C-alpha cells in the first residue's frame with residue numbers, strides 16, 4: 001500500500017549537460033499536490049531558473065503515482081524560448097513546452113528522486129523528425145504539516 005502524497009513539497013532540480021554553463025546548477029521549487037487515488041495534480045512555483053526571471057508563472061502539474069513510482073508533466077501558461085546568449089523570453093501566444101518528470105520514492109530518505117526531460121526543439125527533414133532533448137535530475141521532500 002502506498003501513501004497519499006497530497007500536500008506541500010519542497011525540492012530542487014538540477015540542469016543537465018545540455019545547459020552548458022548551467023550544468024549542475026540547482027533551482028529550488030515548491031509543489032502543492034493533490035493525490036486522488038493515484039491521479040496527481042497541482043501547482044509548482046520555482047524560486048529562479050531559466051525563464052522565471054522573465055516572468056514565468058505557476059506551472060500546472062498532472063500525472064500519476066503507482067506504488068513508489070511517480071510520473072508527471074509540468075507545464076507553464078506560455079512558452080519560454082532561450083537565446084544563444086543565455087537570455088530568455090516568454091511568448092504568451094504559444095503553448096508551454098511540456099517537462100516530463102519520472103521518479104521513485106526513496107523510503108530511507110523520505111523523498112522522491114528522479115530525472116526530467118524537455119524537448120527543446122524539433123527539426124523536420126521531410127520524412128524524418130529529429131527531437132533535441134534537454135535533461136536533468138530532481139528531488140523533493142514533503143514539508144511538515
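The values are calculated or read from the model by the stated rules, or taken from the named source; none is laboratory data. All values derive from a computational prediction rather than experimental measurement. So basically every Cβ, Gly included, is an ideal-geometry build from the backbone, and we count neighbours across all protein chains shown.
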- Query: If we scan the stretch 62-70, do we find a residue that is modelled with pLDDT of 95 or more, assigned to a strand (DSSP E or B) and farther than 17 Å from residue 114 by Cβ?
  - Reply: no
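Which one of these is within 27 Å of residue 107 (Cβ to Cβ), surrounded by 19 or more Cβ atoms within 10 Å (Cβ to Cβ) and modelled with pLDDT of 75 or more: 43, 74?
Details: 43 fails: surrounded by 19 or more Cβ atoms within 10 Å (Cβ to Cβ).
Checking each option against the conditions leaves just 74.
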- Message: With the requirement that a residue be over 17 Å from residue 59 (Cβ atoms), free of Cβ contacts under 8 Å to residues at least 24 places away in the same chain and in a strand (DSSP E or B), what does the stretch 87-131 give you?
- Response: 106, 115, 121, 122, 123, 124, 129, 130, 131
- Item | Qualifying positions in the stretch 4-33 - closer than 15 Å to residue 103 by Cα and modelled with pLDDT under 90 | none
- Message: Restricting to the stretch 15-40, name every residue that is under 18 Å from residue 141 (Cβ atoms) and buried (at least 18 other Cβ atoms within 10 Å of the Cβ).
- Response: 27, 29, 31, 33, 35, 40
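If a residue must be in contact with a strand residue (DSSP E or B) (Cβ under 7 Å, 6 or more places away or on another chain) and not in a strand (DSSP E or B), how many such residues does the stretch 132-145 contain?
Filtering the stretch 132-145 down to residues in contact with a strand residue (DSSP E or B) (Cβ under 7 Å, 6 or more places away or on another chain) leaves 132-143, 145.
Now restrict to residues that are not in a strand (DSSP E or B): 143, 145.
Residues that pass the stated criteria total 2.
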